[in-house]
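See below for the structure under consideration.
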Amino acid sequence: MPVLAVIGSLNVDLTVTTQRFHQPGETITGSTFCTYPGGKGGNQAVAAARLGACVHMVSALGEDDNGAFYQRTLQAEGIHAQTVMEKGGVPTGVALIQVDNQGENRIVVVPGANAQVDSTCVGNALPHISHADMALLQLEIPMDTVLYAAQTLHRQGIPMMLDPAPAQPLPDSLYPLLSYITPNRSELHLLTGLPTDSLDQVKKAAGQLLRRGARAVVAKLGAAGCLYMDEQRCLPVPGFSVQVVDTTAAGDSFNAGLAYALAEGQPMEQALRFANAVGALSTTKAGAQAAMPTLAQVQALLTSTGSP
Ligand code: RIB
């Protein structure tokens, strides 16, 4: 069973659906309101656990109702949460999410306890995660902590996959520590300053991240699938066509699927296709974690489309 460590955020998502996104100063009526467990770290952890990975979560929650709600979620999903700290005097992270009738979203995150995930949290977690096959990182905890975690886990020889989301510039010293960096088009644009509209442009921008030291770039292209690039290979892998309800956490699900498949020993092209399937299935229901698929559901989609 793949063992994965996720070092990142836990948010409670307050999600409304509306017909369309509105203008500044405009009030519109929404259709639904739901409260879901979310956060890029939590979403990657849950997606990986549903596939069957043994997942250790390193994060922080507030001592409030949202924190208690999230603890129950982690327990129900079978995620090891001894390394999730409880922080007094700060709220659990919250995300306000609006989803339109195309399934697209707009998100505002208030980090709360996630801002207190520090080097001490990572240091305390080391005995639990030093045997991980891979570590998954994102950018909803402080950048100093991300860098410290990457340096520490690199010394332990643990491969790392960074989801550079929400998009922000990265320290130069982080790139050489990364086995995989997985930007979407807009994150790739922010990191490189290059256009990323066409596949050729994505390839050029991905090449720049390789030159900064990342060992491989996996550009997430939404419904179009993904593009893998390392020093030897450039592999575009098409996506799956599904009925999209809510794209929230599709990227998180993709990363979990890719980490699971690689940690399981799947060859790269097969792992990328697996990750595309996990990402696509996660968009078929409302909420970040509601549609995250089981291994059987991923295998069913792969089989029905004639994939290995
Ligand atoms: O990637 C989706 C996630 O982004 C949501 O669950 C929300 O919490 C924000 O962190």
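Results, tabulated for the structure shown:
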quantity: Most mobile of Leu137, Leu177, Leu199 in a GNM of the chain (Cα contacts under 10 Å); calculated: Leu199
quantity: Length released on extending from Gln75 to Lys285, taking residue separation times 0.36 nm less the Cα-Cα span; calculated: 73.4 nm
quantity: Highest-MSF residue in the chain out of Asp163, Asp172, Asp133 [GNM, Cα springs under 10 Å]; calculated: Asp172
quantity: For Leu139, net neighbour charge (Lys/Arg +1, Asp/Glu -1) across residues whose Cβ lies under 13 Å away; calculated: -4
quantity: Cβ-Cβ FRET estimate between Thr303 and Ser198, R0 fixed at 25 Å, reported to 0.05; calculated: 0.20
quantity: Max mean-square fluctuation residue, GNM over the chain, Cα-Cα springs under 10 Å, options Gln270, Gln232, Gln75; calculated: Gln232
quantity: Ellipsoid equivalent to the range 1-158 - semi-axes via the Cα gyration tensor, in Å; calculated: 30, 16, 15
quantity: The chain: C-alpha gyration tensor shape, a/c 1.5 cut-off, then a/b vs b/c; calculated: rounded
quantity: The chain, dipole about Cα centre (Lys/Arg Cβ +1, Asp/Glu Cβ -1), debye to the nearest 20; calculated: 580
quantity: Label-point gap, in nm, between Met1 and Ala223 - each point 7 angstrom along Cα→Cβ; calculated: 3.7
quantity: Per-residue Cβ neighbour rank within 10 angstrom, fewest leading, Val278, Val84, Val94; calculated: Val94, Val84, Val278
quantity: Anisotropy class of the range 247-308 from Cα gyration tensor, a/c 1.5 cut; calculated: oblate
quantity: Label-zone membership for the range 85-114, site Gln19, 7 angstrom Cα→C-beta point, backbone N under 14 Å; calculated: 100-102
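FYI, it's all coordinate maths here, none of it is from the lab. In this text the structure is predicted, and so the values were computed from the model without any measurement. A quick note on method: Cβ atoms are made from the backbone with ideal geometry, for glycine too, and the neighbour counts reach across all protein chains shown.
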